[in-house]
Amino acid sequence: MKTFLLLFSHNGLALRQQLFSPIIKCIEMLKSIEVEFKSKKFLINKWVVLVNRFTCEQITRQIESGMPNVYKIKKPNIQQNMLTLIMTILECYKGGYNALRRTVVRHCLNLISEDVFEKPKLQAIGDLNHRLGLICNWEVNVRRATRCRFVYWQRSLCPLFFKEIINDKTRLNQLNYYLAALSDPIDMLTNIKHLSSAQIAIDNYKKDIYDAFTQHVIRPICAKTEEELRQ
């Protein structure tokens, strides 16, 4: 979605109104996925523990299969270094697997000579480590995949999207998801350095959203309510 909108901006093209509904649906899908994962966080973490344990056992078996090759190394100092590296890797799989342990494992694998692990086996260990990292950091990965920071760069479309949603009473549930998407850029704006304070950018962004929401959501609802009360 981000790439799609950037292509229009880069080529100086205006979005056709027919595209508003699919874009809003896409944003709704992203935020609903995020909400679904959050609501099932406890259940997912229970499965994550089991998958991690199984993956670590697979990696351990692969690494232990290289131990006979270590004992074949004739130089004592190199043999001792290889044993230390392998033991360090195995220790990293005990307990929780995190970014620090992943870095240690990666560096140790880079230092292990090709005499210990054949290239296909080393590739298999690397693939299993990558899978383990994805599973352990599933919350960060889900958040990264479903965040809608791109709405900040397309905030000129915000009034049009509000109008598109509010004009169809069967799609008002999309408003919750769109508002959730509009809050995603806030953490990005906290890192702004070109202003004296990041809060200035945050306040300006919030003002734009509040003004658009007031004009295209609150006022039409108030006008419609007043009209119905006068009848």
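Just a few scattered comments:
- Semi-axes of the equivalent ellipsoid for the chain, computed as √(5λ) from the eigenvalues of its C-alpha gyration tensor and ordered from largest down, come to 53, 19, 16 Å.
- Plainly put, region 41-142 has a radius of gyration that is 1.02 times its Kirkwood radius, both from alpha-carbon atoms, as the Rg/Rh ratio.
- Take the Cα of Glu226, step 7 Å toward its Cβ, do the same at Phe4, and the gap between the two points is 3.8 nm.
- Here region 41-142 is treated with +1 on each Lys and Arg Cβ and -1 on each Asp and Glu Cβ, and its dipole about the Cα centre works out to around 100 debye.
- Local net charge near Gly66, Cβ-Cβ under 14 Å (Lys/Arg +1, Asp/Glu -1): 0
- Note on Lys25, Lys207: ascending count of other Cβ atoms within 10 Å places them as Lys207, Lys25, the fewest first.
- Considering helices alone, the calculated mean residue ellipticity of the chain at 222 nm is -22500 deg cm²/dmol, with DSSP H runs of length four and up weighted by -39500 (n - 2.57) and normalised per residue.
- Charged-residue dipole, Cβ positions (Lys, Arg, Asp, Glu), region 1-70 about Cα centre, Debye nearest 20: 240
- The residue among Asn98, Met1, Pro220 whose Cα reaches farthest toward the positive pole of the charge dipole of the chain, with charges on the beta-carbon of Lys, Arg, Asp and Glu, is Asn98.
- Ordering of 176-186, 119-129 by packing is 176-186, 119-129, highest average first (other Cβ atoms within 10 Å, averaged per residue).
Quick note: the coordinates plus some simple rules give every number you see, no bench work behind them. Just so we're clear, the structure is a prediction, and the values are computed from it rather than from any experiment. Note that each Cβ is placed from the backbone with ideal geometry, even for glycine, and that neighbours are counted across all protein chains shown.
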